[in-house]
Amino acid sequence: MKLKELESHLQEIETFTDPKLYLEQYITTPHLASQIAFNIDKIYDDIHSKNLCEFGIGTGMLTIACSFFEPSYSLGVDIDTDALAICQKNLDYFELENPVDLIQADVKQLLLKKENYEKFSNLFDTCVMNPPFGTKNQRIETEEKQLGIDIQFLKIASEFCSNSVYSLHKSVTREYIKIKAKQWNMKMEVVSELKYNIPKVDSRNKKLIKDAKEKDIAVDFLRLTHII
Amino acid sequence: MKLITHNMLTSKILKNVVTGYPLKIHAVKAELKKADFQPDFIARMIKKIDYKTLYQAAETLGYAEGMPKTEILNEEDMNNEETLKKLHEVLLEIEVIEGDLECPETGRKFPINNGIPNMLVNEEEL
Ligand SMILES: C[S@@+](CC[C@H](N)C(=O)[O-])C[C@H]1O[C@@H](n2cnc3c(N)ncnc32)[C@H](O)[C@@H]1O
């Protein structure tokens, strides 16, 4: 599968129809998603025949991108019914040969009790995700924003996976995540530095404006691995 | 929802629930969806799943025929191609599309719509 070919397949993915601001629902672009999946496969060989999970799967961009590299089994989790419905539609559309399952759950609730998700722990090899940033200093500001949610996503991903966690984070949080990773006995590396476009928000009704672009923000594509 | 996923789900998040496992399946609609057979994967997974729960789930859905009737699989089962094929079907191909999952202790139901189990709970239930 060539990179360009993958990107054009991913352009067929239906995206959020009515994105919810407080859940930070914006997609990873086909351009970014294709590069991410391509690099994880080519550089680290962390997809083929592996068990994959994604937290905040949204409309499925990253999991579908990874599916082109034939994981054994994938699980996608999201809190939102509407996103999951679109995701299911996208999965059906692509007629993937690898099994993908979806569940509706809140990462915050999953983390409440370890025994609650213990059976999932270490079933997975790899996690690929683009979590909500959850930080305050952001143009799209709402009261209900889930503060610190980015770290909670990383935490649950690190508990589910025995191997690597790939995730996108604001570059300004790099040092903080490094400290967290260390606490979890993981090694963090920056695979690449990206520019990310978050769609613009209409300040009157706090809705995302379709196709309008906010200024680029600096984002790290991180890889966290367990230190054995 | 595939049975490999069901095998991992619990209702332990609910207040006062001790094991919350296995969740009882009530299927209104189930389907078979073909997936590529990967014998190595199945052999690997079978060590990670709860076989008794898998058997029960398959039985509830009417697919247990051909599965070894035991609590724990032995070496021989794990090397038998026919058995692996059957387990592949049960783990990855059977899909519960509509129905619900019931907490064995409280009877709380988690609905499955469009193949997606909804595991969200209210604050008061935690
Ligand atoms: C930035 S979007 C990424 C969507 C998709 N993964 C992609 O890359 O295109 C974040 C996703 O996380 C989901 N989400 C937000 N908070 C969540 C929570 N507490 N638990 C589970 N999912 C959550 C949102 O519904 C949204 O789909």
Going through segment A:17-34 in order, the residues found to be more than 17 Å from A:E54 (Cα to Cα) and either in contact (Cβ under 8 Å) with a residue 60 or more places away in the chain or near the ligand (Cβ under 8 Å from one of its atoms) (or both) are A:T17, A:D18, A:P19, A:K20, A:L21, A:Y22
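Tell me yes or no: at least one residue of segment A:174-183 is among the charged types (D, E, K, R), in contact with a strand residue (DSSP E or B) (Cβ under 6 Å, 6 or more places away or on another chain), open to solvent by less than 20 Å² (accessible area, probe 1.4 Å) and at pLDDT 95 or above.
Scanning segment A:174-183 turns up no residue that is among the charged types (D, E, K, R), in contact with a strand residue (DSSP E or B) (Cβ under 6 Å, 6 or more places away or on another chain), open to solvent by less than 20 Å² (accessible area, probe 1.4 Å) and at pLDDT 95 or above.
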May I ask you to verify whether A:S158 is over 29 Å from B:A43 (Cα atoms), modelled with pLDDT of 95 or more and more than 13 Å from chain B (Cβ to nearest Cβ)?
no
Identity of the residue in segment A:105-125, of a type in the set (A, V, I, L, M) and not in a loop (DSSP other than H, G, I, E, B), that ends up farthest from the ligand (Cβ to nearest atom):
A:L110
Scanning segment B:60-74 for residues that are assigned to a helix (DSSP H, G or I) and among the aromatic types (F, W, Y) gives none
Quick one: in segment A:35-73, which of the residues that are more than 21 Å from A:Q11 (Cα to Cα) and of a type in the set (S, T, N, Q) is farthest from the ligand (Cβ to nearest atom)?
A:S49
The conditions are (1) within 13 Å of chain A (Cβ to nearest Cβ); (2) under 15 Å from the mean Cα position of the chain (by Cα), and B:D36 fails exactly one of them. Which is it?
(2)
Within segment A:79-95, does at least one residue satisfy the condition of being within 15 Å of the ligand (Cβ to nearest atom) and within 12 Å of the chain's Cα centre (by Cα)?
no
Being open to solvent by less than 30 Å² (accessible area, probe 1.4 Å), more than 13 Å from every other protein chain (Cβ to nearest Cβ) and within 23 Å of A:Q88 (Cβ to Cβ) is true for just one of B:A57, B:A64. Which residue is that?
B:A57
Residue count, segment A:72-86, condition closer than 28 Å to A:D41 by Cα and of a type outside the set (A, V, I, L, M), comes to 5
Any residue at all in segment B:104-113 that's open to solvent by less than 20 Å² (accessible area, probe 1.4 Å) and either farther than 29 Å from A:A85 by Cα or within 12 Å of the chain's Cα centre (by Cα) (or both)?
no
Only residues in segment B:71-89 that are closer than 21 Å to A:P99 by Cα count as the first member; pair them with residues that are of a type in the set (F, W, Y), Cβ under 6 angstrom, at least 6 apart or cross-chain, and list the lot.
B:H88/B:F37
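Which residue out of A:I43, A:I47 is farther than 25 Å from A:D82 by Cα and surrounded by fewer than 16 Cβ atoms within 10 Å (Cβ to Cβ)?
Every option except A:I43 fails the conditions.
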When A:E70 is evaluated against the numbered criteria (1) open to solvent by 10 Å² or more (accessible area, probe 1.4 Å); (2) of a type in the set (D, E); (3) within 14 Å of chain B (Cβ to nearest Cβ); (4) over 14 Å from A:F94 (Cβ atoms), which criterion, by number, is the only one it fails?
(4)
Could you list, ordered by first residue, the pairs with Cβ atoms under 7 Å in which the first is in segment B:12-36 and open to solvent by 90 Å² or more (accessible area, probe 1.4 Å) and the second is among the hydrophobic types (A, V, I, L, M, F, W, C) and modelled with pLDDT under 95, at least 6 apart or interchain?
B:K15/B:L126
Determine if segment A:191-201 includes at least one residue that is in contact with a Pro (Cβ under 8 Å, 6 or more places away or on another chain), outside any helix (DSSP H, G or I) and modelled with pLDDT under 80.
yes
Being of a type in the set (A, V, I, L, M, F, W, C) and in a strand (DSSP E or B) is the filter here, so list the residues in segment B:102-121 that pass it.
B:F110, B:I112, B:I116
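The values are calculated or read from the model by the stated rules, or taken from the named source; none is laboratory data. Remember, it's a predicted structure, so these values are computed and weren't measured experimentally. Quick reminder, even Gly has a Cβ in these numbers, built from the backbone with ideal geometry, and neighbours come from all protein chains shown. Heads up: the accessible areas ignore ligands, DNA and RNA and are worked out on the full protein's heavy atoms, side chains in. Shrake-Rupley method; radii C 1.70, N 1.55, O 1.52, S 1.80 Å.
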